[in-house]
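To start, the structure itself, in structure tokens.
Only the coordinates and a few stated rules stand behind these numbers; no lab work does. All of these numbers come straight from a predicted model, not from anything done at the bench. Don't worry about glycine lacking a Cβ; one is built from the backbone with ideal geometry, like all the others, and counts go over all protein chains shown.
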Amino acid sequence: MTTRSLVRDAADRAATYLEEIDSRGVAPTSDAVAALSHFDRALPERPLDPASILRELDEVGSPGTSTSAGGRYFGFVIGATLPAALAASILATAWDQNAGLVVISPTTAKLEAIALRWLLDALHLPSESAAGFVTGATMANFTCLAAARHALLERAGWNVEEQGLFGAPPLNVVVGDEVHVTLLKALALLGLGRARVTRVPADAQGRMRADLLPPLDDRTILCLQAGNVNTGACDPMSELIPRARAAGAWVHVDGAFGLWAAATPSRAALVAGVADADSWALDAHKWLNVPYDSGVAICRDRDALRGATAVTAAYLVQGAEREPCEYTPELSRRARGVDVWAAISSLGRSGIAEMIERNCAQATRFAGGLRDAGYEILADVVLNQVLVSFGDDETTRRVIAGIQADGTCWCGGTVWHGRIAMRISVCSWATTDRDVELSLAAMLRVASEIVVAR
């Protein structure tokens, strides 16, 4: 089989997978999962035929996937992939570019720079900000906090990249009680520690309480959150950021999905004042709906970001243009900016806003339908997240398991204020109002059967 026919076969199989996605359950069947043991064999002694490899991958592997690319997957804040972004990713994969240096790939470097400029514009962030593409919000948090560490220690006369943390002036990190685990992971990787943070109590919706903010100074990193992973709530930026900046503290915003509220007039008030922060972490594979993996680290202080992440060597030919490798921890990486450029091109400013507003309205519909049926909504629905309890913890667990087994849609469980809850995350371009109604009907049917049985 020629390369052309192999690629065409792959494209046909991918298109068929997407066309049939609504006709299968959202979670793979137990038989499909069991069949994956087919892959578990000894290392081949001789080359295998690429066509047979692709056929096996599709016929055995495709049924074992969750249909997160469809419109009824509401788990883990996972977006689908826009058609333009998917097509661009396929082409970019064929290009097989190392996106680290302009000289290696002028096209991807240019598209990345444009995509980053568009992102800043869409999110109303400072146009002078520097940014880099990373794997996701975990690495975006890591990268931004590395820039914060660089800037604050440089201010104290310490070069952390050269001298390390041994003997360095101490830094203080302030987070909310509802801080996301990936930000704590980033702090651990940076040597700033998970347990050394100062935690600020949160209100009933998960927002940091401004009235309990501790004293800050010029060696403090204040970490705020746009989009609580359970409730979608955002910390009160307009109250907290001015106080932090007046004290000389660095303000970082973990905005994995909630920062997209800034891109739509109906939700922008949730993150009012966020543009006055110093750095922002963002996922593109969530609400912008590009392929995994894609995150963005954004920093107001270009020198701080470059100081923390830039790399030089005699063989790395660098020119006068923006060099992508100077703004991310990675040197070699895939061309994530191509997918983002294509997604934004296909949506435009109005399309981004419409998608966010539609998903938020769909989340509100879920909450209303469940509440009207007598089930408890545990937090205000301000963005795209819904928390629901179906009674006591055991009943809620059984309903979640029942909904997952039913196959109409997929939602995960969580713990909120000590109670088991089902979490509905709506962030897919592919979710239609019909998907919502089908999923809501399935939720109510399963819940009714389990509650009555008890």
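Here Glu20 and Leu444 are evaluated by their C-beta separation; at R0 = 22 Å the FRET efficiency comes out at 0.25. Taking only the C-alpha atoms of the range 87-343, Rg followed by Dmax gives 17.7, 55 Å. Per-residue ellipticity at 222 nm, computed for the chain from helices alone with -39500 (n - 2.57) per DSSP H run of at least four residues, works out to -13000 deg cm²/dmol.
Find out how many positive minus negative residues lie around Asp58, taking Lys and Arg as positive, Asp and Glu as negative, among other residues whose Cβ is under 12 Å from that of Asp58.
-3
Charged neighbours of Val179, selected by a Cβ distance under 15 Å, balance to +1 (K, R count +1; D, E count -1). Take every DSSP beta bridge whose two residues both sit in the chain; close to 60 percent of them are antiparallel. Taking amide H positions as modeled 1.01 Å from N, with prolines and chain starts lacking one, the residues under 5 Å from Val77 and 5 or more places away or on another chain are Ser425.
Backbone amide hydrogens, once placed in the peptide plane, bring Gln225 within less than 5 Å of Asp235, Asp254, excluding anything fewer than 5 places away on its chain. For Glu376, the residues whose modelled amide H falls within less than 5 Å of its own, excluding neighbours fewer than 5 places apart on the same chain, are Ser389, Gly391. Near Ile78, once Lys and Arg are set to +1 and Asp and Glu to -1 for all other residues with Cβ below 14 Å from its Cβ, the sum equals +1. Relative to the globular-protein estimate of 2.2 N^0.38 Å, the Cα radius of gyration of the chain stands at 1.03.
3J(HN,Hα) along the range 354-370, derived from phi through the Karplus expression 6.51 cos²θ - 1.76 cosθ + 1.60 where θ = phi - 60°, amounts to 5, 5, 5, 5, 5, 4, 5, 5, 5, 4, 4, 5, 4, 4, x, x, 5 Hz, with x in place of Gly and Pro.
In terms of other Cβ atoms within 10 Å, Phe74, Phe390, Phe142 run from fewest to most in the order Phe142, Phe390, Phe74.
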